């Protein structure tokens with residue numbers, strides 16, 4: 001079962017996640033690799049309104065620009081597919097991606113992208129969960145009450161907002177095409193939850209660290225970000241389903257970039273949480289313990305799940 005392999009992938013990362021992060025910020029100055037990478041273009045996934053995304057990342061962008069002496073530009077995409085397409089076209093150097101979006105970009109580019117690191121959660125681990133939320137006044141307390149109700153996915157390329165929930169629901173014997181009255185895409189994680197609050201859908205799936213106070217939207221994730229922005233009171237929602245642990249999504253870069261750039265880029269991020277905790281918290285939408293390095297092999301289960309989902313779509317068409 002693919003969801004079991006997701007758990008195995010996370011367990012295999014435990015030694016990496018537990019390792020002490022002793023990296024220091026790279027000394028400021030233009031690097032030799034700037035001849036090949038004259039600017040650093042960072043793609044920003046959809047799921048949050050563009051102004052908020054740019055605002056959260058501005059201090060991060062400025063710090064990277066000052067550190068490496070090259071222009072750093074942010075490219076917020078309307079949806080996950082926009083960032084995936086930018087990689088295929090060579091229009092960005094890197095982007096923080098969900099595991100499913102990374103797997104999709106890896107497949108689309110025939111392996112021309114690679115993962116460098118993932119975020120570590122408050123307990124030092126490197127996994128998170130998908131949760132299904134309903135209005136607290138809906139009378140829905142679990143999946144049995146969702147029969148004949150409507151469900152909003154976040155994005156077709158989201159791991160927690162589409163890929164893993166579909167896989168786990170099917171594994172539980174639920175025929176998604178007949179169990180729900182309808183399913184649709186909310187336009188991103190934030191928008192899907194808003195659609196539930198506004199009664200446009202009965203439920204939505206989104207991502208959360210699964211740690212900390214539920215009343216605060218956990219320690220990190222979409223719910224936490226919405227609480228902090230004043231968009232959500234967790235008392236208005238009920239969580240009726242939680243997935244198994246999912247390996248956090250990676251910072252992804254083009255594989256053909258200079259190794260020296262990848263090394264500096266990695267060092268910058270491994271040192272970020274300790275050296276600039278506020279900037280780290282802004283871009284990660286909550287607290288955690290920095291980053292842990294990863295390899296492509298850890299995401300092979302998600303690559304396989306993408307292939308299975310594509311095969312399922314072909315069978316339905």
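The values are calculated or read from the model by the stated rules, or taken from the named source; none is laboratory data. Note that this is a predicted model, so its numbers are computed, not measured. All Cβ positions, even for glycine, are placed from backbone atoms using ideal geometry, and neighbour counts span all protein chains on display.
Just to be sure before I move on: is residue 272 in the same structural domain as residue 96 (by TED's automatic domain parsing), more than 26 Å from residue 109 (Cα to Cα) and in a helix (DSSP H, G or I) in the structure I sent?
yes
Give the residue, chosen from 283, 279, that is over 16 Å from the mean Cα position of the chain (by Cα), assigned by TED's automatic domain parsing to the domain that holds residue 86, under 23 Å from residue 28 (Cα atoms) and part of a helix (DSSP H, G or I).
279 is the lone residue from the list that is over 16 Å from the mean Cα position of the chain (by Cα), assigned by TED's automatic domain parsing to the domain that holds residue 86, under 23 Å from residue 28 (Cα atoms) and part of a helix (DSSP H, G or I).
Looking at (1) modelled with pLDDT of 95 or more; (2) closer than 30 Å to residue 212 by Cα, can you tell me which one residue 80 breaks?
The number of the failed condition is (1).
Which count do you get for residues in the stretch 27-43 that are closer than 20 Å to residue 276 by Cβ and in a loop (DSSP other than H, G, I, E, B)?
4
Could you tell me whether the stretch 214-225 includes any residue that is crowded, with 19+ Cβ neighbours inside 10 Å, over 27 Å from residue 102 (Cα atoms) and at pLDDT 95 or above?
no
Has the stretch 253-260 got any residue that is outside the structural domain of residue 189 (by TED's automatic domain parsing), in a strand (DSSP E or B) and in contact with a strand residue (DSSP E or B) (Cβ under 9 Å, 6 or more places away or on another chain)?
Checked the stretch 253-260: at least one residue is outside the structural domain of residue 189 (by TED's automatic domain parsing), in a strand (DSSP E or B) and in contact with a strand residue (DSSP E or B) (Cβ under 9 Å, 6 or more places away or on another chain).
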